[in-house]
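Read the structure below first, then the notes.
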Amino acid sequence: MSRGKNQHVVKHPDGWAVKGAGNSKATKVTSTQKEAITIAEEIARNQKSDTKVHGRDGKIRAGNSYGNDPYPPKDMK
C-alpha cells in the first residue's frame, strides 16, 4: 500500500486548517488547533503518513509519523 499525503495543521483566517501536502485547499477547517490536530492524526493513520503541526508563525513545531518510519526514535529508558 502506498503512503498518502502528509497532513499539515496550519493557521487559517477562520481558525485552523488541515491540508494534505501540496494541496491548495483545506481538507477541513476548525475553530481550534486541537480539533485540527485530531482530524489530521486520524487521516494520517488511515493513509499511513505523517502529521506536521505548524505554529501561528508558520514554522513546524510538532509532528508524528503513522507510516513505516525508516528512522524510528531510539528510546533511552
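What follows is calculated from the coordinates using simple rules that are stated; it is not laboratory data. Keep in mind that this is a model prediction, so the values were computed, not measured. When we count neighbours, we look across all protein chains shown, and the Cβ atoms used for this are built from the backbone with ideal geometry, even at glycine.
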- [ ] Would you list which aspartates and glutamates come within 20 Å of LYS52, measuring only between C-alpha atoms, while excluding same-chain residues fewer than 8 positions from it?
- [x] ASP14, GLU35, GLU41, GLU42, ASP69
- [ ] Report the relative contact order of the chain, percent, no decimals, based on alpha-carbon pairs under 8 angstrom and at least 6 residues apart.
- [x] 29
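Just list whichever of LYS28/LYS48; LYS25/LYS74; LYS28/LYS59; LYS34/LYS59 have alpha carbons separated by over 25 Å in the model shown. If you can, show how the numbers build up before the last one.
Values: LYS28/LYS48 19 Å; LYS25/LYS74 36 Å; LYS28/LYS59 20 Å; LYS34/LYS59 17 Å.
Where the Cα-Cα span goes over 25 Å, the pairs concerned are LYS25/LYS74.
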Task: Angle in degrees between helix 33-47 and the longest Cα principal axis of the chain, rounded to the nearest 10 - done: 50
Task: Along principal axes, Cα extents of the chain, largest first, whole Å - done: 39, 31, 18
TODO: Report the charge-dipole magnitude of the stretch 7-58 in Debye, nearest 20, computed about the Cα centre from +1 at each Lys and Arg Cβ and -1 at each Asp and Glu Cβ.
DONE: 100
Open item on the list: List the residues, sorted by chain then number, that are 5 or more residues from TYR66 or on another chain and whose placed amide H is less than 5 Å from its amide H.
Closed with: SER49, ASP50, THR51
Open item on the list: Which order do the peptides 55-68, 31-44 come out in when sorted by mean C-beta neighbours inside 10 angstrom, highest first?
Closed with: 31-44, 55-68
- [ ] Collect residues whose amide H, placed 1.01 Å from N in the peptide plane, falls under 5 Å from the amide H of HIS12; neighbours closer than 5 in sequence don't count.
- [x] ALA17
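Would you compute, from DSSP H runs of 4+ residues alone, the mean residue ellipticity of the chain at 222 nm, taking -39500 (n - 2.57) per run and dividing by the full residue count, rounded to the nearest 500? Don't jump to the answer; show the numbers that get you there.
On the way: 1 runs with 15 residues, N = 77.
Helix-only estimate at 222 nm: -6500 deg cm²/dmol.
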Task: Calculated from backbone phi, Karplus (6.51, -1.76, 1.60) coupling profile of the stretch 8-14 in Hz, x at Gly/Pro - done: 9, 9, 10, 5, 9, x, 9
